[in-house]
Amino acid sequence: MCRTLAAFPTSCLERAKEFKTRLGIFLHKSELGSDTGSVGKFEWGSKHSKEGRNFSEDVLGWKESFDLLLSSKNGVAAFHAFLKTEFSEENLEFWLACEEFKKLRSATKLASRAHRIFEEFICSEAPKEVNIDHETRELTRTNLQAATAACFDVAQGKTRTLMEKDSYPRFLKSPAYRDLATQAMAASASPSSSSPAEPSHT
């Protein structure tokens, strides 16, 4: 569950347990805990039956491909919560920052944001330094001299590959996701799945 378990036995177990608990109550809560910050919250459609039905499909789709997980706001929130239990959430946060960065159209904003992203995630001793090789780091540094929407593409691609090959399989095997998928399958198969946030008990 956590490779640094020996070094962080209490906090790691508590984080993992918290993650499992929070995902396990998605049928009864409309949002994930606020500790996911700006990454996103669960959006359970308790007031919209169509969204409610689609949520189960969304959860089950996360195991189909990493792309489907990243294209889902709920999937990103769940994956981020999982990465926090492994103390590696900086990889996803960098990928998301790059996605937002590529939407900018102002050259001035591109240059300013590029330097902020570099200082936060890429440079040596960055507060959220991602695990990339020296060559990629230096290439990205060079790209900043004339920042474009593509200046982080190589670093972002390598970070994405690392998550897909390393963290993503562990996420799918985690008790938290397995429990969540089981609940999603039960909800989608239930006659009352159109309003799973308010299950009936007769």
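The values are calculated or read from the model by the stated rules, or taken from the named source; none is laboratory data. Remember, it's a predicted structure, so these values are computed and weren't measured experimentally. Ideal geometry is used to build each Cβ from the backbone, glycine not excepted, and the neighbour counts take in all protein chains shown. Areas reflect the complete protein model, heavy atoms only, side chains present, ligands, DNA and RNA absent. Shrake-Rupley method; radii C 1.70, N 1.55, O 1.52, S 1.80 Å.
I'd like to check something: does the range 121-141 contain any residue that is open to solvent by 20 Å² or more (accessible area, probe 1.4 Å), assigned to a helix (DSSP H, G or I) and touching a Lys or Arg at 6+ places or on another chain (Cβ under 8 Å)?
Checking the range 121-141: not a single residue is open to solvent by 20 Å² or more (accessible area, probe 1.4 Å), assigned to a helix (DSSP H, G or I) and touching a Lys or Arg at 6+ places or on another chain (Cβ under 8 Å).
Give the residue, chosen from Ala155, Ala147, that is more than 17 Å from the chain's Cα centre (by Cα), at pLDDT below 95 and open to solvent by less than 50 Å² (accessible area, probe 1.4 Å). Steps first, please.
Details: Ala155 fails: at pLDDT below 95.
Answer to the selection: Ala147.
Scan Phe94, Phe87, Phe66, Phe82 and give me the residue that is on the phi > 0 side of the Ramachandran plot and modelled with pLDDT of 50 or more.
Working: Phe94 fails: on the phi > 0 side of the Ramachandran plot; Phe66 fails: on the phi > 0 side of the Ramachandran plot; Phe82 fails: on the phi > 0 side of the Ramachandran plot.
Only one candidate passes the filter, namely Phe87.
Taking Ala186 as the residue in question, decide whether it is farther than 15 Å from Leu70 by Cβ, of a type in the set (A, V, I, L, M) and outside any helix (DSSP H, G or I).
Working: farther than 15 Å from Leu70 by Cβ: yes; of a type in the set (A, V, I, L, M): yes; outside any helix (DSSP H, G or I): no.
In short, no.
What single numbered condition from (1) closer than 25 Å to Lys128 by Cα; (2) not in a helix (DSSP H, G or I) fails to hold for Glu90?
Of everything listed in (1) closer than 25 Å to Lys128 by Cα; (2) not in a helix (DSSP H, G or I), Glu90 misses just condition (2).
For the range 167-186, indicate whether the set of residues that are more than 18 Å from Lys128 (Cα to Cα) and touching a Ser or Thr at 6+ places or on another chain (Cβ under 8 Å) is non-empty. Full working, then the answer.
Looking only at the range 167-186, we keep the residues that are more than 18 Å from Lys128 (Cα to Cα), and these are 168-186.
Now drop any that are not touching a Ser or Thr at 6+ places or on another chain (Cβ under 8 Å), which leaves 184-185.
Scanning the range 167-186 turns up at least one residue that is more than 18 Å from Lys128 (Cα to Cα) and touching a Ser or Thr at 6+ places or on another chain (Cβ under 8 Å).
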